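**Student:** Handing you this structure, nothing more for now.
The values are calculated or read from the model by the stated rules, or taken from the named source; none is laboratory data. These numbers come from a predicted model, not from an experiment. Reconstructed Cβ throughout: ideal geometry from the backbone, glycine too, with neighbour counts over all protein chains shown.
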Amino acid sequence: MQAAEVVRLFEQAQMDVFKRAASAVVILEAELLPDAEDGGDGAGGEAAAKRASRSEGSGFVVRANGVIVTNQHVISKANRISVRFRDGRRLDARILGIDERTDLAVLQVEAAQLPVLEFADSDTATVGQLVYAIGIPFGQEWSFTAGMLSGKGRTRLLAPTSLLPLVEDYLQTDALINPGHSGGPLLDREGRVLGMNTLITRTERGLAFAVPSNLLQQTVSQILAAGKVSRPWLGIRVETLGETPVLGERLAAAGRGAVVLAVEAEGPAFRTDLRPADVIQSVDGKPVGSALALQRELSARKAGQPVRVGVWRMGTFKTVSVPLAELPAAPQLVLDAARPQRSPVSNQERFGLKLRELKGHGVRVEAVEATSASARAGLLPEDVVTEVENRPVRTVSDCLSALRSGVSRSTPGVLIQLERQGLRTFVMLRAE
């Protein structure tokens, strides 16, 4: 076959993807009246209040009876949502449900026999395969771009700065995706949906992310059935072992797993023996090697179902039984939220801490010297230290003695268990 013929066939295949998919991709126009206070006083203010601000985004049809999916951030705070189809129709949409944790919204328009996009199996997608995007970048309607799937299972893109526990399991692509593509489909070579474009990084050129189709379908199905999404919840914050250098060094002997960063107050794990700095390595006997693997294992279960969590704890192995609860709708407290101010410490010990005993319940941090090892470790005023290197502390003397003993050993850090704003968590104090 001649090179020109190969190119022609390749071009034709790409054109076929657009032809099959474009009619099911829609443009969303979300209208929002400004706040009353933004309009000012007098007639000019009234006129301004009547002028609606408008934002645009993309979406696509997943049910022939008018069910459309898009990003939640595209339609958030909208008082009217208009949907434009490629055949020229314009229909108003209502919101059936949203899921902030995946940035997903499900909409309904009054229509029948609409063209629909089919879903591909994102679990079988392969890095390096061709992918395509359709959307409205910078107002350019039904723009079609191509690239490849650059990665799978991407996490920690938003969760470290979010007050909301997020479900992060992104596909990564180098297909050219810009603002306005949000909510549109990421397609495979058959024109099937591999994911929903949702996140563009502006720090690295050519990096964009999509919610994978399997997670998308699961979420949409729950919203259509119940109007909301129900997820099982252990009540913990975790991180893949090795993602933080200090934790990786101190807990290296565990090998692989998900480190428990915090146990949330009133969560199911709070009433069990699961503790901060435990490394979760299995769920019901099935190995988990990362925070994402743990998330996927739990998502396959239901609230109310007990799970056996296998953990590595400073060289020993334990199994902790935890009854799963339903993930609350309201944001939970997170580490570093509303951080108290550090203050100078007079007559400080070498650790830069001022401590006060709490009867029968550890010692409270009254102040932290801003340039001290304790400050660098992340200790905050109002923290309550309960254990140092798994040794309970009941007095100031206990705490300081345990810290001295810990830093005298050749370990990468001293493990300090503490309670903070209702969370059980920990910090690692590095020896100076």
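**Student:** What is the one condition in (1) closer than 21 Å to Ile177 by Cα; (2) at pLDDT 95 or above; (3) out of contact with any Pro (no Cβ under 9 Å at 6 or more places or on another chain) that Leu117 does not satisfy?
**Tutor:** For Leu117, the failing item is (3).
**Student:** Quick one: which residue in Val365, Val385, Val427 is touching a Cys at 6+ places or on another chain (Cβ under 6 Å), assigned to a strand (DSSP E or B) and hydrophobic (A, V, I, L, M, F, W, C)?
**Tutor:** Sole residue among the options that is touching a Cys at 6+ places or on another chain (Cβ under 6 Å), assigned to a strand (DSSP E or B) and hydrophobic (A, V, I, L, M, F, W, C): Val385.
**Student:** Based on this model, can you work out whether Ala159 counts as modelled with pLDDT under 90 and touching a Pro at 6+ places or on another chain (Cβ under 9 Å)?
**Tutor:** Numbers: modelled with pLDDT under 90: yes; touching a Pro at 6+ places or on another chain (Cβ under 9 Å): yes.
Judged against the criteria, Ala159 is a match.
**Student:** Do we have any residue at all in segment 38-48 that's modelled with pLDDT of 95 or more and either under 25 Å from Val116 (Cβ atoms) or not basic (Lys, Arg) (or both)?
**Tutor:** No: zero hits.
**Student:** Would it be correct to say that Gly227 is surrounded by fewer than 20 Cβ atoms within 10 Å (Cβ to Cβ), within 30 Å of Phe119 (Cβ to Cβ) and in contact (Cβ under 8 Å) with a residue 12 or more places away in the chain?
**Tutor:** yes
**Student:** Which one of these does Asp336 not meet: (1) exposed (fewer than 13 other Cβ atoms within 10 Å of the Cβ); (2) modelled with pLDDT of 90 or more; (3) under 25 Å from the mean Cα position of the chain (by Cα); (4) closer than 26 Å to Val407 by Cα?
**Tutor:** Status for Asp336: all satisfied but (2).
**Student:** Another one. Any chance you could count how many residues in segment 169-215 are farther than 22 Å from Ser299 by Cβ, modelled with pLDDT under 90 and crowded, with 24+ Cβ neighbours inside 10 Å?
**Tutor:** Result for segment 169-215: 4.
**Student:** For segment 390-420, give me each residue that is outside any helix (DSSP H, G or I) and surrounded by fewer than 18 Cβ atoms within 10 Å (Cβ to Cβ).
**Tutor:** Asn390, Arg391, Pro392, Arg394, Thr395, Arg409, Ser410, Thr411, Pro412
**Student:** Could you look through segment 230-241, keep only residues that are under 23 Å from Asp273 (Cβ atoms) and of a type in the set (D, E, K, R), and pick out the one that is surrounded by the fewest Cβ atoms within 10 Å (Cβ to Cβ)?
**Tutor:** Out of the qualifying residues, it is Glu239.
**Student:** What residue, among those in segment 392-408 that are over 11 Å from Leu358 (Cβ atoms) and of a type in the set (A, V, I, L, M), is modelled with the lowest pLDDT?
**Tutor:** If we take residues in segment 392-408 being over 11 Å from Leu358 (Cβ atoms) and of a type in the set (A, V, I, L, M), then Val407 is modelled with the lowest pLDDT.
**Student:** Here is a follow-up. Are there any pairs with C-beta distances below 6 angstrom linking a residue in segment 348-368 that is under 10 Å from Arg394 (Cα atoms) to a residue that is among the polar types (S, T, N, Q), with the two at least 6 apart or on different chains, and if so which?
**Tutor:** Partner pairs satisfying both residue conditions: Glu357/Thr395; Gly362/Thr386.
**Student:** Let me ask something additional. Would you confirm, using the coordinates I've provided, whether Arg301 is over 19 Å from Leu423 (Cβ atoms), at pLDDT below 90 and assigned to a loop (DSSP other than H, G, I, E, B)?
**Tutor:** yes
**Student:** Among the strands (runs of 3 or more DSSP E) contained in segment 219-287, which hold 1 or more residues that are aliphatic (A, V, I, L, M), within 22 Å of Glu100 (Cα to Cα) and at pLDDT 95 or above?
**Tutor:** Fully inside segment 219-287 and qualifying: nothing.
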